[in-house]
Amino acid sequence: MTENNLLGALAAVVGAKNVLAGEHDTSPYVTDWRRQYHGTAVCVVRPASTAEVAAVMRLCAEAAIAIVPQGGNTGLCGGSVPAGTQEQAVLSLSRLNRIRELDALNDTITVEAGCVLAEVQRAASDADRFFALSLAAEGSCQIGGNLSTNAGGVNVLRYGNARDQVLGLEAVLPDGRIWHGLRGLRKDNTGYDLKQLFIGAEGTLGVITAAVLKLHPKPTASATAWIQVADPKGAVELLSHLRNACGDRLTAFELLSRTCVDAVLAHRPAIRDPIPGSAWSVLVELGDSGSSAALHEKLAQALDTGFALNAVVAKSAAESKALWNIRENLPEAQFSNVKHDISVAVSKVPEFIERAGAALATAYPGVPVYCFGHAGDGNLHYNVGDAALLARSEEVNRMVYAEVAALGGSISAEHGLGQLKRDEIARHKAPLELELMRAVKKALDPRGLMNPGKLL
């Protein structure tokens, strides 16, 4: 099939206006959010239904055109844009944006892959329910991308990662067959849990088109506090104390270094520093049923400890939002630097920060480190330097990843591997693990047409 014939056939499926082929039209889809990766595509196809996705997949398979599934294109590892020299088409899922069903009695919501995360949260809230996945890009990222990268976010401490929010999936295989796995069951012990293959696979096995997601009772009370701690060790000790005192009411525990707060204040001058001069800060959120007054009292009692040097407790929703504003502005406040998304055991967070900081200070005296993230589950965003250091990113990565490996951690906690860490992962996974992953890839995508150049 010639390229013109393929474009015509695709247009017959999705409509001519939803097949983009010109360089100007495809440019936003072949460049990642951070503008670190830029590829080329035969076209961008924007189907509006699972049936259209399946038809597009069949046509591209017939023409031996690889598929790059794309959601909101907010990823940080180059996983959602074309890579390499193989002919590829970007499959944008943005038009698959329907909420198919909300079952309040079963506490589930069935959504299509192109639904923006914030819209899913809003639909749940309108039904007096709560969808737990929450991250800084929630106003633009899409559920399909969240699931394909097994996104984490601020609520993992209580509710788990993206894969923990999923009961069922619908997915299209590389040859265009549709797997109808949209089951809202909490118990289904009938063999391999196939949905887990697609979650976290970064679009390398097939295309997620819809999901049945778990909902939770909507919290009626919340309490937010910005807490000064002496150091990361004090933060981890405070975490243990809060978990003992508050149990599952503790939903978020975010660690921020002074450099992070200063970066946000420089980026957004209207934002106020909650505790000026604090070298290390923790942003804590509690959620529960009942009254906020009772929860605030619970938090105040829990903070009456030497682990918290100082604390600012939000007295209103507006004050809580102002504190969270600092955390949510961090990605843009230090946009261009060498980024790491690592995880270690929670107990080893202080040791990692100390070891990595010492190694970097020796190699690059005076280099700033922006250390922040979900310390409650051991996931840190450990970003180094500025745009000038990007040219030396490979050696910086090796230095940071060496400390991660020494502590038995992971070089990717929630962002995935994409292009950024595709080669590096071979140094950190056992040969048997990689062999098993390649066997799964070959079984589901024997021709290598799904998101080539990513993950493996």
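The values are calculated or read from the model by the stated rules, or taken from the named source; none is laboratory data. Here the structure is a predicted model, which means the values were calculated and not measured. Here Cβ is always computed from backbone atoms with ideal geometry, including for glycine, and neighbour counts include all displayed protein chains.
Quick notes
- Top-ranked residue in region 178-188 [being farther than 17 Å from ARG100 by Cα and without any contact (Cβ under 8 Å) to a residue 12 or more places away in the chain; ranked as surrounded by the most Cβ atoms within 10 Å (Cβ to Cβ)]: ASP188
- When the helices (runs of 4 or more DSSP H) confined to region 280-346 are screened for residues that are among the hydrophobic types (A, V, I, L, M, F, W, C) and farther than 21 Å from ALA221 by Cα, those reaching at least 1 such residues are found at 317-328, 330-333.
- If you go through region 137-173 and pick out every residue that is in a loop (DSSP other than H, G, I, E, B) and of a type outside the set (Ser, Thr, Tyr), you end up with 12.
- Given (1) crowded, with 16+ Cβ neighbours inside 10 Å; (2) free of Cβ contacts under 8 Å to residues at least 60 places away in the same chain; (3) under 23 Å from THR209 (Cβ atoms); (4) not hydroxyl-bearing (Ser, Thr, Tyr), index of the condition GLY15 fails: (1)
- Residue match in region 32-47 (condition: touching a helix residue (DSSP H, G or I) at 6+ places or on another chain (Cβ under 8 Å), among the basic types (Lys, Arg) and in contact (Cβ under 8 Å) with a residue 12 or more places away in the chain): yes
- Cβ pairs under 8 Å, 6+ apart, first in region 189-203 and closer than 16 Å to LEU213 by Cβ, second basic (Lys, Arg) and in a loop (DSSP other than H, G, I, E, B): none
- Qualifying residue in region 17-34 (condition: at pLDDT 95 or above and under 24 Å from ILE199 (Cβ atoms)): yes
- With respect to the conditions (1) of a type in the set (D, E, K, R); (2) without any contact (Cβ under 8 Å) to a residue 40 or more places away in the chain; (3) buried (at least 19 other Cβ atoms within 10 Å of the Cβ), ASP304 falls short on a single one, namely (3).
- Hey, ASN397 of a type in the set (S, T, N, Q), under 18 Å from ALA136 (Cα atoms) and either crowded, with 17+ Cβ neighbours inside 10 Å or not assigned by TED's automatic domain parsing to the domain that holds ASP262 (or both) or not: no
- Residue check for LYS441: buried (at least 22 other Cβ atoms within 10 Å of the Cβ) and out of contact with any Pro (no Cβ under 6 Å at 6 or more places or on another chain): no
- Single residue of region 185-242 satisfying the filter (among the polar types (S, T, N, Q) and not in a loop (DSSP other than H, G, I, E, B)) that is farthest from the chain's Cα centre (by Cα): GLN228
- Any chance GLN228 is at pLDDT 95 or above, farther than 26 Å from PHE130 by Cα and either in contact with a Lys or Arg (Cβ under 8 Å, 6 or more places away or on another chain) or not hydrophobic (A, V, I, L, M, F, W, C) (or both): yes
- The listed residues are ALA413, ALA375, ALA402, ALA426, and the only one of them that is over 22 Å from the mean Cα position of the chain (by Cα) and at negative phi turns out to be ALA402.
- Which listed residue, of GLU112, GLU62, GLU119, is of a type in the set (D, E, K, R), crowded, with 16+ Cβ neighbours inside 10 Å and touching a residue at least 40 places away in the same chain (Cβ under 8 Å): GLU112
- Selection within region 267-299 - without any contact (Cβ under 8 Å) to a residue 60 or more places away in the chain and among the acidic types (Asp, Glu): ASP273, GLU297
- Within region 316-369, the set of residues being basic (Lys, Arg) and either in the same structural domain as PRO232 (by TED's automatic domain parsing) or surrounded by fewer than 17 Cβ atoms within 10 Å (Cβ to Cβ) (or both) comprises LYS321, ARG327.
- The residue list LEU330, LEU360 contains one member that is of a type outside the set (Phe, Trp, Tyr) and either in contact with a Cys (Cβ under 9 Å, 6 or more places away or on another chain) or at positive phi (or both), which is LEU330.
- Close contacts from region 376-394, counting a first residue that is assigned by TED's automatic domain parsing to the domain that holds VAL349 and a second that is of a type in the set (Ser, Thr, Tyr) and assigned to a strand (DSSP E or B), with Cβ to Cβ under 7 Å and a gap of 6+ residues or different chains, come to GLY378/SER343; ASN379/SER343; ASN383/TYR370.
- Meets criteria (within 29 Å of ILE411 (Cβ to Cβ) and surrounded by fewer than 20 Cβ atoms within 10 Å (Cβ to Cβ)) for ALA270: no
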